Amino acid sequence: MTTRYLVTDPRYGFLKQLGITVENPGLYDGRWGGSGKLIESISPATGKVIAKIRESTPQEASNTITEARKAWPQWTSIPTPARGDIVRQIGDELRRNLKPLGCLVSLEMGKILPEGIGEVQEFIDICDYAVGLSRMLPGSLFPSERKNHALLEKWNSLGVIGVISAFNFPIAVYGWNSAIAMVCGNTIVWKGAPSTPLVSIATTKIISDVLERNGIPGSVASLITGGSDVGETLVNDKRVPLISFTGSTNVGRQVALKVQQRFGKSLLELGGNNALIVAQDADLEMAVRAAVFSCVGTAGQRCTSTRRLILHKKVKNEFLGKLKTAYNSILKRVGDPLEDGVLYGPLHNQQAVDKYKTAIEKAVKAGGTIEFGGKQIQRPGFYVEPTIISGLSIEAEVVQQETFAPIVYVLEANSLEEAIDLNNGVEQGLSSSLFTKSIGNIFQWIGPHGSDCGIVNVNIGTSGAEIGGAFGGEKATGGGRESGSDAWKHYMRRATITINHGNELPLAQGIKFE
Ligand code: NAD
């Protein structure tokens, strides 16, 4: 682990509970440290510096990979259920730290506290899932066509997994990857977003304490901190057979090409441009409630946030009227994400505010009408109004792009077929929702000619997935699947094994070679 930190603002008691204090400048057990750039962690709610962190250098990142690689033989030789027990203990520690860690997510990322806590809960949930998995990781036995032969399939760990994650889910995404990767027998080197380093440090500290208490080196779950240069060190290193990358489509494309170049594997969770369709027969009250959370929740900074509302022309005006009323009530609940009762927090940083403004300018230039919002909110930090824009076509550049801000574009459809075409008419393919009461509509939507996304919802919004299913998207979202279902297969390599337990040497397909 190669991170040094120095908290400059001691106001937040929960930081102390997590072992992050002003008195402790960051050298843990003589092993924490870094000698790269000094960067600042900034509170999105105030714009003020929370901490200064010394990043890793690329050389230190490479050394960290060496340590994680060294730890792999020991870790992978522990029986899988015993590794599961370590992950159970990590889940227990996270339970103990649920509130302080949730507060830290909220402080550093800027999402409201219930969502900050929800992220830690998601890590706990996936730990539970991984513990179960550790008792049931399957293999297969197929009938062999040859006498006295056994045909088997066995799954083995890969080695060191590189996890690169985005700022908007600073802990849950790492949780999905690490819990499953660890029960599968891998060690991990994690590079979180450079703007959420304290969450990465606090999380890694919790995990390394559990590992060390069990006599296992902390390097099983290593952390490096830094930007693209440190990320590239991980991406280009042949000792890292799998890179799990969560972030924008543009960076993900570069990462995928580099990993492919060295025949590594990549697991990509990239940008979304998610649509929510309201059919003529939808329950409008329910659709509006779902749309509000999906459009403005996390201030539009979820990969699954609703970016396009596709409304049947017969319900469009009524739906928009109700939505604007709901948006007005949200404006009364804007505030510091750590405070009770706040529903709407800031964007993550100034660049996000700039991108929000640029997108709105472009939308208006292209002929869009601002139905709601459109301006920065005048208060400290990085707050902007939730925004609804109508009058643009699906081809408009801003509608095609993912702007990571609370802007939603309204499109109109005359039929479900037309709505599905609009849903599928962008390069991304992450999440999608249909509100309808018709069973026929539902089966059209979930079928081969329906939504082309990885997440296909009915009568719920586009955001807020559970850990049980596989999470991920198609097309420019990268095709990866993480979290539940059979996503564990990404973290293992499959060996197809044929064992001859007889005294003859028959060839497959009856071939004679004598
Ligand atoms: P980003 O692409 O700017 O950065 C993501 C991570 O990649 C960061 O840790 C960053 O430091 C690192 N990075 C940047 N350049 C790199 C390089 N050349 N090599 C290696 N690593 C590099 O994304 P962001 O702004 O942090 O996050 C927002 C984006 O992430 C959005 O597009 C969002 O949709 C996406 N996202 C997707 C999912 C998903 O599951 N599909 C989940 C969360 C976020």
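The values are calculated or read from the model by the stated rules, or taken from the named source; none is laboratory data. Computed from a predicted structure; not experimentally measured. Here Cβ is always computed from backbone atoms with ideal geometry, including for glycine, and neighbour counts include all displayed protein chains. Only protein heavy atoms, including side chains, enter the accessible area calculation; ligands, DNA and RNA are left aside. Shrake-Rupley method; radii C 1.70, N 1.55, O 1.52, S 1.80 Å.
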message: Can you tell me which of (1) more than 25 Å from the chain's Cα centre (by Cα); (2) open to solvent by less than 10 Å² (accessible area, probe 1.4 Å) is the one P138 doesn't meet?
response: (2)
query: If you check N177, N186, which single one turns out to be more than 16 Å from S62 (Cβ to Cβ) and within 14 Å of the ligand (Cβ to nearest atom)?
result: N177
field: Sole exception among (1) within 16 Å of the ligand (Cβ to nearest atom); (2) β-branched (V, I, T); (3) farther than 18 Å from S432 by Cβ for V342, by number
entry: (1)
field: helices (runs of 4 or more DSSP H) fully within the range 44-128 counting 3 or more residues that are open to solvent by 50 Å² or more (accessible area, probe 1.4 Å)
entry: 58-77, 80-96
- request: Output yes when any residue across the range 215-233 is part of a helix (DSSP H, G or I), away from the ligand (no atom under 16 Å from the Cβ), more than 18 Å from E108 (Cβ to Cβ) and not polar (S, T, N, Q), and no when none is.
  value: yes
message: Anything in the range 92-107 that is in contact (Cβ under 8 Å) with a residue 60 or more places away in the chain and out of contact with any Gly (no Cβ under 6 Å at 6 or more places or on another chain)? List them, or say none.
response: E93, L94, N97, K99, P100, L101, C103, L104, L107
message: Residues that are of a type outside the set (S, T, N, Q), open to solvent by less than 10 Å² (accessible area, probe 1.4 Å) and away from the ligand (no atom under 16 Å from the Cβ): does the range 194-203 have at least one?
response: yes
- prompt: Using beta carbons and a limit of 8 Å, which pairs, at least six apart or on different chains, have the first residue in the range 214-233 and in contact (Cβ under 8 Å) with a residue 60 or more places away in the chain and closer than 17 Å to I53 by Cα and the second one polar (S, T, N, Q) and more than 16 Å from the ligand (Cβ to nearest atom)?
  reply: S222/T187
Criterion (touching a strand residue (DSSP E or B) at 6+ places or on another chain (Cβ under 6 Å), at pLDDT 95 or above and open to solvent by 20 Å² or more (accessible area, probe 1.4 Å)) met by exactly one of I460, I511, I497: I497
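Listed here are the residues, each with its yes/no results for (1) closer than 17 Å to G159 by Cα; (2) crowded, with 22+ Cβ neighbours inside 10 Å; (3) at pLDDT below 95.
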residue: I207; (1), (2), (3): no, yes, no
residue: N214; (1), (2), (3): no, no, no
residue: V220; (1), (2), (3): yes, yes, no
residue: E232; (1), (2), (3): no, no, no
residue: S244; (1), (2), (3): yes, yes, no
task: Considering every residue within the range 435-444, establish whether at least one is within 16 Å of the ligand (Cβ to nearest atom) and open to solvent by less than 40 Å² (accessible area, probe 1.4 Å).
output: no
query: Take the residues of the range 284-326 that are part of a strand (DSSP E or B) and away from the ligand (no atom under 14 Å from the Cβ): which is nearest to T246 (Cα to Cα)?
result: R308
Among residues of the range 14-43, those that are open to solvent by less than 50 Å² (accessible area, probe 1.4 Å), in a loop (DSSP other than H, G, I, E, B) and either among the aromatic types (F, W, Y) or at pLDDT 85 or above (or both), counted: 4
- request: Considering every residue within the range 308-319, establish whether at least one is polar (S, T, N, Q) and surrounded by 18 or more Cβ atoms within 10 Å (Cβ to Cβ).
  value: no
message: Anything in the range 352-386 that is closer than 16 Å to A396 by Cβ, out of contact with any Leu (no Cβ under 9 Å at 6 or more places or on another chain) and open to solvent by 30 Å² or more (accessible area, probe 1.4 Å)? List them, or say none.
response: T358, E361, K362, V364, K365, I370
query: Within the range 154-163, is there a residue that is over 26 Å from the mean Cα position of the chain (by Cα), modelled with pLDDT of 95 or more, surrounded by fewer than 20 Cβ atoms within 10 Å (Cβ to Cβ) and not in a helix (DSSP H, G or I)?
result: yes
Flag for C184 being surrounded by 21 or more Cβ atoms within 10 Å (Cβ to Cβ) and within 30 Å of S43 (Cβ to Cβ): no
Elements of type strands (runs of 3 or more DSSP E) contained in the range 240-283, each with 1 or more residues being near the ligand (Cβ under 7 Å from one of its atoms): 242-246, 265-269
Checking M136 against (1) in contact with a Leu (Cβ under 8 Å, 6 or more places away or on another chain); (2) without any contact (Cβ under 8 Å) to a residue 12 or more places away in the chain; (3) closer than 17 Å to I467 by Cβ; (4) not small (G, A, S), the condition it does not meet: (1)
statement: If you go through E427, E412, E474, E482, the only one that is open to solvent by less than 40 Å² (accessible area, probe 1.4 Å), among the acidic types (D, E) and in contact with a strand residue (DSSP E or B) (Cβ under 8 Å, 6 or more places away or on another chain) is E482
